[in-house]
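The next block holds one structure in the form of structure tokens; read it before the comments.
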């Protein structure tokens, strides 16, 4: 009996193993649930050109299919004016901010309006970032000179900022208005720090014209209304690629390098989505989209935009900028420009 019982138990084990072996082949491993990306709605305030916004929209939609991204696009000064009213009312509508003036972010940080976020992508960005993580450079605008190739020969083009005060350029030059353009504000502030406000007295005496922004400068340079302009490199690279008669003149006394940041508001309604989007902008994929928009990347592993030198070749001579001073003296800088250049005498 005892032997028969043992044999019966062993037989049952064999049968169970065979059944399991036969049936197991049809079972698929349990699928792991996919990590869910950010959802809901996100609001971005930006001064990035509208055509570049349209360029990145499909890439962001593909990366975050469950997230609806809304945009408010305008010049930096217009964005800041909108925010000023919202800040005063304590009803900031933006989750993420991308405007051109780094000094503005210092002001927002001092007021406690920015969220600290040390994105994992920041490890690949060696400079152009707040040490505490409140903001990170996301695109680099270079402020340079440019000329119309039908009206100015390459050998005659200005080589330094100082040359724009030479009488040979009288009534032939133009620049953007720092009261309306964030990058123009940075450019004016940087040149004033380098050469003093007397530099702008000389530009005024030389008949410098002032346009609302870089797009107006670009268009009038293409049309030949101006011979030389102080402008963003990206505007000229884009026009030159279209075959327009314009070319960048990189000043030997230093281009003005403007690391336009990205930051998240402390009042963000969708902070997790804001963090995810910040990570994307700072990733290699996001930075390659920046370069497609003719701007320089903040990452060393992303090439310069078409037609531009590598950023590292511009940095050694770039004008040194005291960003804290620009943040504290915003109204002073604008008033100096208003009285010295804009007002009729």
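Residues in segment 127-147 that are buried (at least 18 other Cβ atoms within 10 Å of the Cβ) and part of a loop (DSSP other than H, G, I, E, B): 128, 130, 134, 135. Just wondering, is there one or more residues in segment 160-175 that are over 30 Å from residue 286 (Cβ atoms), under 27 Å from the mean Cα position of the chain (by Cα), surrounded by fewer than 16 Cβ atoms within 10 Å (Cβ to Cβ) and in contact (Cβ under 8 Å) with a residue 40 or more places away in the chain? Among the residues of segment 160-175, at least one is over 30 Å from residue 286 (Cβ atoms), under 27 Å from the mean Cα position of the chain (by Cα), surrounded by fewer than 16 Cβ atoms within 10 Å (Cβ to Cβ) and in contact (Cβ under 8 Å) with a residue 40 or more places away in the chain, which makes the answer yes.
Exactly one residue out of 124, 101 is surrounded by fewer than 17 Cβ atoms within 10 Å (Cβ to Cβ) and either within 30 Å of residue 279 (Cβ to Cβ) or outside the structural domain of residue 45 (by TED's automatic domain parsing) (or both), and it is 124.
Inspect segment 240-255 for any residue being closer than 20 Å to residue 46 by Cβ and surrounded by 20 or more Cβ atoms within 10 Å (Cβ to Cβ) and give the result as yes or no. Within segment 240-255, none of the residues are closer than 20 Å to residue 46 by Cβ and surrounded by 20 or more Cβ atoms within 10 Å (Cβ to Cβ). Annotation note: of 194, 209, the sole residue that is surrounded by fewer than 21 Cβ atoms within 10 Å (Cβ to Cβ), out of contact with any helix residue (DSSP H, G or I) (no Cβ under 6 Å at 6 or more places or on another chain) and over 19 Å from residue 227 (Cβ atoms) is 194. In segment 168-199, how many are under 19 Å from residue 101 (Cβ atoms) and assigned to a helix (DSSP H, G or I)? Total meeting the criteria: 13.
Scanning segment 48-81 for residues being touching a strand residue (DSSP E or B) at 6+ places or on another chain (Cβ under 7 Å) and either part of a loop (DSSP other than H, G, I, E, B) or more than 17 Å from residue 293 (Cβ to Cβ) (or both) gives a total of 6. Taking segment 221-301 and the helices (runs of 4 or more DSSP H) fully enclosed by it, the elements with 1 or more residues that are in the same structural domain as residue 51 (by TED's automatic domain parsing) and in contact with a strand residue (DSSP E or B) (Cβ under 9 Å, 6 or more places away or on another chain) are at 271-282, 284-292.
The values are calculated or read from the model by the stated rules, or taken from the named source; none is laboratory data. Quantities reported herein were computed from a predicted structural model and do not represent experimental measurements. FYI the Cβ positions are ideal-geometry reconstructions off the backbone, even for glycines, and counts take in every protein chain you see.
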